[in-house]
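Colleague: Would you mind keeping the following structure in view while I ask a few things?
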Amino acid sequence: MSMPKTITRREFLKIAAGASIATGFTSAVRSIVIEPFIYPPEEELPGQATWYASTCRQCAAGCGIIVRTIDGRAKKIEGNPLHPLNRGKLCARGQAGLQVLYNPDRLKNAVRQVGGRGSRQFEPFYWPDALDLLSSKIAALSSTERFAFLGGLMPSHTYRLTSLLLEALGAAPPVIYDLQSALEGRSAVSQLSQALFGAPDLPEYDLSQSDVVLSFGANLLETWMSPVAQSVAYGAMRQGSMGRRGLLVQFEPRLSSTAASADEWVPVQPGAEGFVALAIGRIIVEERLGHVGSHQSQAVLYQNVDVRDMSAASDVPVDTLRHLARVFADADRAVAIPGGYLSGQQNGFSSMLAVQALNLVIAQVGRQGGMFLSNPGPTAALRQNPPVNTFDEVMDLIRRMKAGEIDLLLLHSANPLYELPAAAGFFEAIARVPFVVSFSPVVDETAVWADLILPDHTYLESWGYQVPSPGADRPVVNSQQPVVSPLYDTLATSDVLLGLAARLGGKLAAALSWRDEASYLEETVSELHGSSLGAYSARTPSGFWALWRQYGGWWSEKQIRREPELTDIVQKPLLIAEPHFEGDPQDYPFHLYPYSSITLSDGRGANLPWLQETPDPMTTVQWGMWVEINPETAEGLGISDNDVVQVESPHGSMEASVVIYPGIRPDIVAIPVGQGHQDYGRFAQAVIGSNPMALVAPVTDPDTGALAWGATRVRLKPIGKKQVLARLESLDGNGRESLG
Amino acid sequence: MVMDANLSVETSRRWVLVVDLDRCTGCQACVVACHAENNVPVVGEKQAGYGRWMHWIIIQRYWEGEYPNVKARFMPVMCQQCTEAPCEPVCPVFATYHNEEGLNAQIYNRCIGTRFCGSACPYKVRTYNWYAPEFPEPLTEQLNPDVTVRTRGIMEKCTFCIQRIRRIEIDAHAAGRIPADGEIQPACVQTCPSNGLFFGNLDDPDSQVSQLARGRRSFRLLPELGTEPGVIYLKGGETNV
């Protein structure tokens with residue numbers, strides 16, 4: 001029962017008093033209203049909020065967001081329902097974005113390190129002095145070749161202004177590298193597109209319309225490429241239309257949460273995923289499966305492939321291969337996806353090519369339910385998305401640093417000391433650089449070795465634009481705008497670059513002549529005004545600038561898919577490239593499988609308490625750091641859950657508690673990346689653990705120069721200690737601590 | 001809420017949440033969205049290890065079979081908003097009660113922390129504030145002003161985001177209309193990337209949740225207990241041939 005809102009407490013007491021008197025005279029039974037003495041949750045009155053549209057920057061995907069703000073404070077992030085990529089949806093990392101803004105460990109102003117680099121003794125530094133100091137360092141360089149810029153997930157406009165600055169100086173272009181991009185194989189995929197389709201744009205897979213999806217190590221429901229867009233499509237594939245339910249088959253050595261959602265999980269021998277694709281292709285061509293007509297033109301692709309050999313090398317029975325070939329070829333609409341795990345092997349390019357070739361064999365390139373290419377930016381300026389460099393190119397920079405050829409290093413949204421394999425030698429390299437500047441909003445592992453930290457705004461305080469890649473089913477350009485005023489005395493890195501150019505004068509001032517970053521953006525974005533494709537139209541550039549921010553970007557009203565055009569690479573026999581691994585199989589019997597955490601990603605989420613507290617979906621571990629091994633392997637080593645083991649590779653070692661994991665090959669040791677921070681704030685440092693990048697051999701796929709992060713062998717040694725992980729799951733079956 | 005002159009309450013709503021297990025990928029987006037929307041505290045590794053975590057929604061994971069024929073299944077579990085709620089009659093101070101829309105509501109200021117409701121709950125979805133929540137500055141800025149911040153000694157649980165229900169209802173009322181089916185979305189439903197969660201009125205036979213509830217895949221958790229939950233699950237796997 002309840003009271004109408006118009007009755008006050010005092011009136012109620014009067015009525016209640018009357019009622020009790022009344023009951024004294026009659027025998028009628030009546031119920032008494034229980035009035036809470038405070039408002040129950042259902043009677044709270046919501047405050048008035050203002051919503052701002054912007055872009056999520058927690059990963060490279062570029063989902064549209066809307067942010068609820070009250071009294072100038074951001075209160076909740078949600079997906080932008082109008083945005084063609086994520087259609088109102090957001091992942092765990094996107095939801096946690098408020099804690100990037102309100103992180104208690106953010107730098108509140110520019111700082112210089114006074115106790116020497118690595119001392120962690122910082123002193124506030126007046127911004128104009130910081131810019132004067134940096135511009136004098138640039139001016140004092142004996143040669144502009146001695147200037148290097150290392151970036152990670154940089155905002156597009158900051159990247160472009162950086163490129164302009166470096167170009168005007170005559171310095172080398174920025175080197176872009178981050179661990180997440182390496183784990184998802186971004187640069188390798190781009191090179192594959194270039195080879196197959198003559199364009200570097202990333203493929204986009206039409207999952208929602210597909211009846212059969214073969215995913216080769218693509219963790220498409222976790223962190224790979226554009227996980228929210230892919231999850232939206234996955235939901236539609238499962239239950240989106242009556243009477244149809246798509247089939248998902250996942251090939252990978254460890255059952256990921258994507259594999260948990262799949263109908264079939266095929267635990268392939270590491271590095272042999274391409275062999276599975278070759279065998280399936282060979283069977284389709286040989287047995288003339290499917291309904292594409294003749295496979296004659298494709299026979300050449302598989303002329304060297306022997307199905308039995310491929311089966312033996314991949315650990316997948318011939319019958320399974322035959323069954324999968326039939327299911328794949330007979331489907332009305334099917335697609336094969338070469339994922340990140342493939343790119344992390346020394347035969348990565350060959351494997352990815354073999355998988356992409358399956359889409360050719362069943363004629364699903366540029367077809368509904370198949371694969372398309374992402375739309376690039378609709379104008380010349382917007383087409384210059386930050387490219388991801390290869391690991392080889394990073395190693396070249398490290399070599400130059402070690403040789404003392406770099407005098408000034410600038411770092412933006414990159415944390416190479418955490419994200420690169422320790423064996424890559426970045427630590428020795430940075431020590432040789434006389435002056436290092438970081439633009440990180442928090443003190444991360446690399447910023448500790450900087451002379452100056454000039455903190456950029458966090459993304460909810462920033463301007464920007466982004467062409468999402470992989471994209472949506474139509475041309476899209478995201479807008480980013482501050483949803484709150486900057487909390488602290490931080491400065492947009494783009495404005496730092498413009499300030500430097502103005503100070504240095506001459507060619508630089510001419511190349512970067514904008515008053516501030518917002519006027520640069522307004523000019524760049526105005527190129528979109530007047531396009532006949534747009535979902536909205538404005539009469540004036542100012543009107544467009546307003547709508548651009550209100551909508552959270554610009555996109556085509558109609559679906560425009562980009563059909564790839566094939567190059568002649570597909571007329572030669574596909575290579576059968578053997579995988580190679582670092583470490584002798586006798587000494588190091590296991591394959592190391594580092595993987596991107598669904599909550600912490602490559603570690604950039606580790607300073608957000610919401611993400612630390614959120615359980616890993618497969619192990620249900622919270623806050624912790626662990627090593628996954630097969631039950632049989634554990635029995636062989638005589639170890640059980642929570643036993644601490646030492647994992648050792650030819651390049652390094654680390655310790656962590658064991659999680660016995662039923663869904664993993666017995667020859668695999670899987671470790672999530674993301675924990676083991678030495679710096680990066682209280683929440684990241686609260687977790688006991690090590691960074692598995694200490695184990696990874698700095699080897700590459702010679703075809704792409706990409707880091708072969710899955711090509712290291714390790715051994716395990718129990719150290720006779722137990723360290724109990726915090727897990728949502730109860731191992732003893734007693735459930736959580738009794739609430740009673 | 002429509003009320004007549006005799007103070008009797010007329011309601012035509014029974015809020016239910018439908019969880020489609022065939023779409024759930026275990027991604028945890030709902031878990032974080034719920035923390036953000038409902039000011040759910042974070043307890044840290046040590047307390048989480050004791051099982052004192054505060055999530056209002058969890059994704060349970062079940063292993064089936066043995067390698068290599070092994071499967072893992074996810075099941076999001078939150079307060080089931082039972083029609084016959086075992087948590088309600090045991091509260092000595094009427095802090096947990098049943099409202100007209102079929103929700104089990106909790107009046108935090110009444111709660112004295114006996115934890116009887118948590119013991120009575122067969123779904124184990126109530127969480128208890130063993131300590132005062134900590135929000136190191138400026139993390140207090142993230143707090144949703146529409147939701148009370150609970151303190152030490154208080155029981156709490158999923159409310160179906162009652163503040164979001166009210167927000168839409170008040171806006172719709174001001175505009176002189178009734179909220180459309182699907183317009184009201186708790187934070188978990190709003191964010192779910194694979195569209196695996198649905199929210200709506202079971203008393204409206206045309207609503208999406210009603211249609212889903214009538215489907216062959218629908219079931220409820222521990223139906224033998226007679227709690228008549230307001231959360232309806234749809235089976236996953238190969239059931240939709």
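Colleague: Being touching a Phe, Trp or Tyr at 6+ places or on another chain (Cβ under 7 Å) and either within 21 Å of B:Arg167 (Cβ to Cβ) or within 11 Å of chain B (Cβ to nearest Cβ) (or both) is the filter; apply it to region A:44-82 and report the residue that is most open to solvent (accessible area, probe 1.4 Å).
Modeller: First, pick out the residues of region A:44-82 that are touching a Phe, Trp or Tyr at 6+ places or on another chain (Cβ under 7 Å): A:53, A:57, A:66-69, A:82.
Those still in the list that are either within 21 Å of B:Arg167 (Cβ to Cβ) or within 11 Å of chain B (Cβ to nearest Cβ) (or both) too: A:53, A:66-69, A:82.
Values: A:Ala53: 6, A:Ile66: 35, A:Val67: 0, A:Arg68: 6, A:Thr69: 8, A:Leu82: 104 Å².
Only one residue fits best here, namely A:Leu82.
Colleague: Something else about it: Go through (1) free of Cβ contacts under 8 Å to residues at least 12 places away in the same chain; (2) open to solvent by less than 30 Å² (accessible area, probe 1.4 Å); (3) closer than 18 Å to B:Gln80 by Cα and name the single condition B:Ala172 misses.
Modeller: Every condition holds for B:Ala172 apart from (3).
Colleague: Can you go through A:Tyr159, A:Tyr205, A:Tyr234, A:Tyr177 and tell me which one is open to solvent by 20 Å² or more (accessible area, probe 1.4 Å), touching a Leu at 6+ places or on another chain (Cβ under 9 Å) and either closer than 30 Å to A:Asp703 by Cα or not assigned by TED's automatic domain parsing to the domain that holds A:Arg713 (or both)?
Modeller: A:Tyr205
Colleague: Just the residues that are out of contact with any strand residue (DSSP E or B) (no Cβ under 6 Å at 6 or more places or on another chain), among the hydroxyl-bearing types (Ser, Thr, Tyr) and away from chain B (no Cβ under 11 Å), please, taken from region A:213-240.
Modeller: Hits for region A:213-240: nothing passes.
Colleague: Now a separate question. Could you check, for region B:89-107, whether at least one of its residues is closer than 22 Å to B:Arg150 by Cα, assigned to a loop (DSSP other than H, G, I, E, B) and touching an Asp or Glu at 6+ places or on another chain (Cβ under 7 Å)?
Modeller: Yes, there is a match, as at least one residue in region B:89-107 is closer than 22 Å to B:Arg150 by Cα, assigned to a loop (DSSP other than H, G, I, E, B) and touching an Asp or Glu at 6+ places or on another chain (Cβ under 7 Å).
Colleague: Determine which member of the set B:Arg166, B:Arg217, B:Arg177 is open to solvent by 30 Å² or more (accessible area, probe 1.4 Å) and within 14 Å of another protein chain (Cβ to nearest Cβ). Write out each step before concluding.
Modeller: Working: B:Arg166 fails: open to solvent by 30 Å² or more (accessible area, probe 1.4 Å); B:Arg177 fails: within 14 Å of another protein chain (Cβ to nearest Cβ).
Going through B:Arg166, B:Arg217, B:Arg177 in turn, just one is open to solvent by 30 Å² or more (accessible area, probe 1.4 Å) and within 14 Å of another protein chain (Cβ to nearest Cβ): B:Arg217.
Colleague: Going by the conditions given, is A:Glu613 of a type outside the set (Phe, Trp, Tyr), closer than 22 Å to B:Val40 by Cα and within 14 Å of chain B (Cβ to nearest Cβ)?
Modeller: It is true that A:Glu613 is of a type outside the set (Phe, Trp, Tyr), closer than 22 Å to B:Val40 by Cα and within 14 Å of chain B (Cβ to nearest Cβ).
Colleague: Next question. Let me confirm something: among A:Leu574, A:Leu608, which residue is out of contact with any Cys (no Cβ under 6 Å at 6 or more places or on another chain) and under 30 Å from A:Pro702 (Cβ atoms)?
Modeller: Of the residues listed, the single one that is out of contact with any Cys (no Cβ under 6 Å at 6 or more places or on another chain) and under 30 Å from A:Pro702 (Cβ atoms) is A:Leu574.
Colleague: Among the numbered criteria (1) under 24 Å from B:Cys27 (Cα atoms); (2) within 11 Å of chain A (Cβ to nearest Cβ); (3) touching a Leu at 6+ places or on another chain (Cβ under 7 Å), which one does B:Tyr128 miss?
Modeller: Just one mismatch for B:Tyr128, condition (1).
Colleague: Inspect region B:117-124 for any residue being over 10 Å from B:Met155 (Cα atoms), touching a residue at least 60 places away in the same chain (Cβ under 8 Å) and not polar (S, T, N, Q) and give the result as yes or no.
Modeller: Taking region B:117-124 first, the residues over 10 Å from B:Met155 (Cα atoms) are B:119-124.
Applying the additional criterion that residues be touching a residue at least 60 places away in the same chain (Cβ under 8 Å) yields B:122-123.
In the following step, the residues that additionally are not polar (S, T, N, Q) were identified as B:122-123.
The answer is yes; a qualifying residue exists.
Colleague: Right, next: What do you reckon, is B:Lys46 in contact with a Gly (Cβ under 7 Å, 6 or more places away or on another chain), within 8 Å of another protein chain (Cβ to nearest Cβ) and surrounded by fewer than 20 Cβ atoms within 10 Å (Cβ to Cβ)? Spell out the reasoning first.
Modeller: Details: in contact with a Gly (Cβ under 7 Å, 6 or more places away or on another chain): no; within 8 Å of another protein chain (Cβ to nearest Cβ): yes; surrounded by fewer than 20 Cβ atoms within 10 Å (Cβ to Cβ): yes.
Judged against the criteria, B:Lys46 is not a match.
Colleague: Given the criteria open to solvent by 10 Å² or more (accessible area, probe 1.4 Å) and over 30 Å from A:Ile671 (Cα atoms), does A:Ser311 qualify?
Modeller: no
Colleague: Would you call B:Gly102 open to solvent by less than 50 Å² (accessible area, probe 1.4 Å), touching a residue at least 60 places away in the same chain (Cβ under 8 Å) and farther than 21 Å from B:Val31 by Cα? Break it down stepwise before answering.
Modeller: Details: open to solvent by less than 50 Å² (accessible area, probe 1.4 Å): yes; touching a residue at least 60 places away in the same chain (Cβ under 8 Å): yes; farther than 21 Å from B:Val31 by Cα: yes.
The answer is yes for B:Gly102.
Colleague: Hey, could you check region B:64-77 for residues that are under 27 Å from B:Val43 (Cα atoms) and within 11 Å of chain A (Cβ to nearest Cβ) and say which is most open to solvent (accessible area, probe 1.4 Å)?
Modeller: B:Arg73
Colleague: Now for a separate question. Between residues in region A:397-408 that are within 17 Å of A:Ile138 (Cα to Cα) and residues that are part of a loop (DSSP other than H, G, I, E, B) and open to solvent by 10 Å² or more (accessible area, probe 1.4 Å), which pairs lie under 8 Å by C-beta distance while being six or more apart or on different chains?
Modeller: Partner pairs satisfying both residue conditions: A:Met401/A:Arg432; A:Gly404/A:Arg432; A:Ile406/A:Arg432; A:Asp407/A:Leu141; A:Asp407/A:Ser142; A:Asp407/A:Pro434; A:Leu408/A:Leu141; A:Leu408/A:Pro434.
Colleague: So, in region B:137-153, of the ones that are in a loop (DSSP other than H, G, I, E, B) and open to solvent by 40 Å² or more (accessible area, probe 1.4 Å), which residue ends up farthest from the other protein chains (Cβ to nearest Cβ)?
Modeller: B:Arg152
Colleague: Continuing with the same structure: Kindly provide the set of residues from region A:147-183 that are in a helix (DSSP H, G or I), farther than 24 Å from A:Gln481 by Cβ and either polar (S, T, N, Q) or over 16 Å from the mean Cα position of the chain (by Cα) (or both), ordered by number.
Modeller: A:Leu166, A:Glu167, A:Ala168, A:Leu169, A:Gln180, A:Ser181
Colleague: From the list B:Gln60, B:Gln80, which residue is more than 7 Å from chain A (Cβ to nearest Cβ), outside any loop (DSSP other than H, G, I, E, B), in contact with a strand residue (DSSP E or B) (Cβ under 8 Å, 6 or more places away or on another chain) and of a type in the set (S, T, N, Q)?
Modeller: B:Gln60
Colleague: Only one of A:Gln345, A:Gln384, A:Gln356, A:Gln298 is of a type outside the set (Phe, Trp, Tyr), surrounded by fewer than 24 Cβ atoms within 10 Å (Cβ to Cβ) and closer than 27 Å to A:Thr223 by Cα; which?
Modeller: Result of the check over A:Gln345, A:Gln384, A:Gln356, A:Gln298: A:Gln384.
Colleague: Would you mind finding the one in A:Val673, A:Val724 that is within 14 Å of chain B (Cβ to nearest Cβ), among the β-branched types (Val, Ile, Thr) and at negative phi?
Modeller: One residue alone meets the criteria, A:Val724.
Colleague: So in region B:193-230, with the set limited to residues that are small (Gly, Ala, Ser) and part of a loop (DSSP other than H, G, I, E, B), which one is farthest from A:Arg245 (Cα to Cα)?
Modeller: B:Gly226
Colleague: So the check is Cβ under 6 Å with 6+ separation or different chains; which pairs have a first residue in region B:72-94 that's among the charged types (D, E, K, R) and a second one that's modelled with pLDDT under 95 and open to solvent by less than 40 Å² (accessible area, probe 1.4 Å)?
Modeller: B:Glu88/B:Thr96
Colleague: Sticking with this structure for a sec: Could you please let me know if A:Pro200 is surrounded by fewer than 23 Cβ atoms within 10 Å (Cβ to Cβ), within 24 Å of the chain's Cα centre (by Cα), at pLDDT below 95 and not hydrophobic (A, V, I, L, M, F, W, C)?
Modeller: yes
Colleague: Which residue, of A:Ser462, A:Ser485, A:Ser469, A:Ser494, is open to solvent by 10 Å² or more (accessible area, probe 1.4 Å), among the hydroxyl-bearing types (Ser, Thr, Tyr) and more than 22 Å from the chain's Cα centre (by Cα)? Step through it out loud before you land on a result.
Modeller: Values: A:Ser462 fails: more than 22 Å from the chain's Cα centre (by Cα); A:Ser469 fails: more than 22 Å from the chain's Cα centre (by Cα); A:Ser494 fails: open to solvent by 10 Å² or more (accessible area, probe 1.4 Å).
The conditions single out A:Ser485.
Colleague: Please go through region A:53-79 and give me each residue that is among the acidic types (Asp, Glu) and in a strand (DSSP E or B), ordered by number.
Modeller: Matches in region A:53-79: A:Glu78 only.
The values are calculated or read from the model by the stated rules, or taken from the named source; none is laboratory data. These numbers come from a predicted model, not from an experiment. A quick note on method: Cβ atoms are made from the backbone with ideal geometry, for glycine too, and the neighbour counts reach across all protein chains shown. The accessibility values were calculated without ligands, DNA or RNA, using every heavy atom of the protein model including side chains. Shrake-Rupley method; radii C 1.70, N 1.55, O 1.52, S 1.80 Å.
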